[in-house]
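Contents: one structure, followed by commentary.
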Ligand code: AMP
(Lines give C-alpha, C1' and ligand atoms only; values in the text may rest on other atoms or scores of the structure.)
Protein backbone atom coordinates (compact mmCIF):
# COMPACT_ATOMS: atom_id res chain seq x y z
CA UNK A 1 0.00 0.00 0.00
CA UNK A 2 1.51 3.35 -0.99
CA UNK A 3 2.52 5.68 1.85
CA UNK A 4 1.11 9.14 1.38
CA UNK A 5 3.80 11.77 1.24
CA UNK A 6 6.23 9.46 -0.52
CA UNK A 7 5.06 10.28 -4.04
CA UNK A 8 6.92 12.19 -6.72
CA UNK A 9 8.27 15.58 -5.69
CA UNK A 10 6.73 18.45 -7.67
CA UNK A 11 9.52 20.83 -8.70
CA UNK A 12 6.98 23.53 -9.54
CA UNK A 13 5.74 23.92 -5.94
CA UNK A 14 6.06 27.41 -4.47
CA UNK A 15 8.78 26.54 -1.95
CA UNK A 16 10.90 24.89 -4.66
CA UNK A 17 10.57 28.14 -6.60
CA UNK A 18 11.59 30.18 -3.55
CA UNK A 19 14.63 27.92 -3.06
CA UNK A 20 15.64 28.46 -6.70
CA UNK A 21 15.28 32.23 -6.21
CA UNK A 22 12.50 32.46 -8.80
CA UNK A 23 10.18 34.20 -6.37
CA UNK A 24 11.14 36.34 -3.36
CA UNK A 25 10.68 35.59 0.30
CA UNK A 26 11.17 37.55 3.51
CA UNK A 27 14.18 35.56 4.64
CA UNK A 28 14.87 35.06 8.34
CA UNK A 29 17.69 32.51 8.20
CA UNK A 30 19.57 30.35 5.72
CA UNK A 31 22.32 27.76 5.93
CA UNK A 32 23.42 24.68 3.94
CA UNK A 33 20.39 22.64 4.97
CA UNK A 34 17.52 25.01 5.65
CA UNK A 35 15.80 28.23 4.71
CA UNK A 36 13.44 30.16 7.00
CA UNK A 37 11.12 32.94 5.87
CA UNK A 38 7.99 34.75 7.00
CA UNK A 39 4.68 33.16 6.01
CA UNK A 40 2.88 35.28 3.42
CA UNK A 41 -0.42 34.88 5.31
CA UNK A 42 0.57 35.00 8.99
CA UNK A 43 -1.67 33.22 11.49
CA UNK A 44 0.11 34.67 14.55
CA UNK A 45 2.18 37.76 15.39
CA UNK A 46 5.22 35.72 14.40
CA UNK A 47 4.69 33.07 11.74
CA UNK A 48 7.80 31.73 10.09
CA UNK A 49 8.26 28.70 7.87
CA UNK A 50 11.39 26.58 8.06
CA UNK A 51 12.05 24.32 5.07
CA UNK A 52 14.81 21.84 4.27
CA UNK A 53 16.73 22.63 1.09
CA UNK A 54 16.31 19.12 -0.29
CA UNK A 55 13.40 17.86 -2.38
CA UNK A 56 11.21 16.26 0.31
CA UNK A 57 7.42 16.20 0.42
CA UNK A 58 6.64 15.06 3.94
CA UNK A 59 8.19 14.01 7.21
CA UNK A 60 7.98 10.39 5.98
CA UNK A 61 9.89 11.33 2.83
CA UNK A 62 12.41 13.46 4.75
CA UNK A 63 13.02 10.99 7.56
CA UNK A 64 13.54 8.03 5.21
CA UNK A 65 15.51 9.68 2.40
CA UNK A 66 17.45 12.63 3.86
CA UNK A 67 20.99 12.17 5.17
CA UNK A 68 21.73 12.44 8.87
CA UNK A 69 23.46 15.75 8.15
CA UNK A 70 20.35 17.12 6.43
CA UNK A 71 18.06 15.99 9.25
CA UNK A 72 20.32 17.34 11.97
CA UNK A 73 20.88 20.56 10.05
CA UNK A 74 17.17 21.11 9.57
CA UNK A 75 16.25 20.52 13.22
CA UNK A 76 19.12 22.72 14.36
CA UNK A 77 17.88 25.45 12.03
CA UNK A 78 14.39 25.30 13.57
CA UNK A 79 15.92 25.78 17.02
CA UNK A 80 18.22 28.57 15.85
CA UNK A 81 15.39 30.46 14.19
CA UNK A 82 13.16 30.26 17.27
CA UNK A 83 16.00 31.49 19.46
CA UNK A 84 16.96 34.26 17.03
CA UNK A 85 13.34 35.45 17.00
CA UNK A 86 13.39 35.64 20.82
CA UNK A 87 10.71 32.97 21.20
CA UNK A 88 12.28 30.48 23.61
CA UNK A 89 10.86 32.38 26.55
CA UNK A 90 7.83 32.74 26.81
CA UNK A 91 7.48 30.00 24.23
CA UNK A 92 6.09 29.21 20.83
CA UNK A 93 4.60 26.40 18.75
CA UNK A 94 5.95 24.36 15.85
CA UNK A 95 3.57 22.50 13.58
CA UNK A 96 3.89 20.53 10.36
CA UNK A 97 0.89 19.71 8.18
CA UNK A 98 1.03 16.45 6.26
CA UNK A 99 -1.17 15.36 3.40
CA UNK A 100 -4.89 15.79 2.97
CA UNK A 101 -6.00 15.36 6.59
CA UNK A 102 -3.15 17.54 7.78
CA UNK A 103 -4.25 20.30 5.41
CA UNK A 104 -0.88 20.49 3.66
CA UNK A 105 -1.06 23.03 0.83
CA UNK A 106 2.55 23.13 -0.29
CA UNK A 107 4.07 19.71 -1.09
CA UNK A 108 7.55 20.56 0.18
CA UNK A 109 8.13 19.48 3.80
CA UNK A 110 8.06 22.48 6.14
CA UNK A 111 7.62 23.42 9.76
CA UNK A 112 5.49 26.37 10.85
CA UNK A 113 6.82 28.34 13.79
CA UNK A 114 4.20 30.44 15.60
CA UNK A 115 4.75 32.87 18.45
CA UNK A 116 4.51 36.38 19.78
CA UNK A 117 1.50 35.79 22.08
CA UNK A 118 -0.38 33.00 23.85
CA UNK A 119 -1.51 30.70 21.05
CA UNK A 120 -4.61 29.10 22.54
CA UNK A 121 -5.80 25.53 21.91
CA UNK A 122 -3.66 23.38 19.70
CA UNK A 123 -6.43 22.33 17.30
CA UNK A 124 -9.65 23.83 16.04
CA UNK A 125 -12.72 22.00 17.28
CA UNK A 126 -14.14 19.48 14.81
P1 LIG B 1 0.69 24.20 4.64
O2 LIG B 1 -0.80 24.24 4.70
O3 LIG B 1 1.28 23.62 5.91
O4 LIG B 1 1.19 23.52 3.39
O5 LIG B 1 1.17 25.70 4.66
C6 LIG B 1 1.67 26.39 3.56
C7 LIG B 1 1.93 27.79 4.02
O8 LIG B 1 2.69 28.44 3.02
C9 LIG B 1 0.68 28.64 4.27
O10 LIG B 1 0.68 29.09 5.62
C11 LIG B 1 0.84 29.80 3.27
O12 LIG B 1 0.38 31.02 3.79
C13 LIG B 1 2.33 29.79 3.03
N14 LIG B 1 2.76 30.35 1.76
C15 LIG B 1 2.26 30.09 0.53
N16 LIG B 1 2.93 30.77 -0.42
C17 LIG B 1 3.89 31.47 0.23
C18 LIG B 1 4.91 32.38 -0.18
N19 LIG B 1 5.09 32.69 -1.47
N20 LIG B 1 5.71 32.92 0.76
C21 LIG B 1 5.54 32.62 2.06
N22 LIG B 1 4.60 31.77 2.53
C23 LIG B 1 3.78 31.21 1.62
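The values are calculated or read from the model by the stated rules, or taken from the named source; none is laboratory data. Only a predicted model underlies this, so the values are computations on that prediction, with no experimental measurement involved. We place every Cβ from the backbone using ideal geometry, glycine too, and count neighbours over all the protein chains shown.
What the table below lists for this structure:
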read-out: Where residue 10 falls short, out of the listed (1) surrounded by fewer than 17 Cβ atoms within 10 Å (Cβ to Cβ); (2) in a loop (DSSP other than H, G, I, E, B); (3) within 12 Å of the ligand (Cβ to nearest atom); value: (3)
read-out: Some residue of region 5-20 being in contact with a helix residue (DSSP H, G or I) (Cβ under 8 Å, 6 or more places away or on another chain) and free of Cβ contacts under 8 Å to residues at least 60 places away in the same chain; value: yes
read-out: Selected residue [at pLDDT below 95, over 12 Å from the mean Cα position of the chain (by Cα) and away from the ligand (no atom under 11 Å from the Cβ)] from 123, 119; value: 123
read-out: Filter pass, residue 64 being more than 16 Å from the ligand (Cβ to nearest atom) and closer than 30 Å to residue 121 by Cα; value: no
read-out: Any hit, region 99-114, residues being in contact with a helix residue (DSSP H, G or I) (Cβ under 9 Å, 6 or more places away or on another chain) and more than 14 Å from the ligand (Cβ to nearest atom); value: no
read-out: Single match in 82, 44 (criterion: touching a residue at least 24 places away in the same chain (Cβ under 8 Å) and more than 16 Å from the ligand (Cβ to nearest atom)); value: 82
read-out: Residues being touching a strand residue (DSSP E or B) at 6+ places or on another chain (Cβ under 8 Å) and either within 24 Å of residue 31 (Cβ to Cβ) or crowded, with 16+ Cβ neighbours inside 10 Å (or both) - total across region 92-126; value: 15
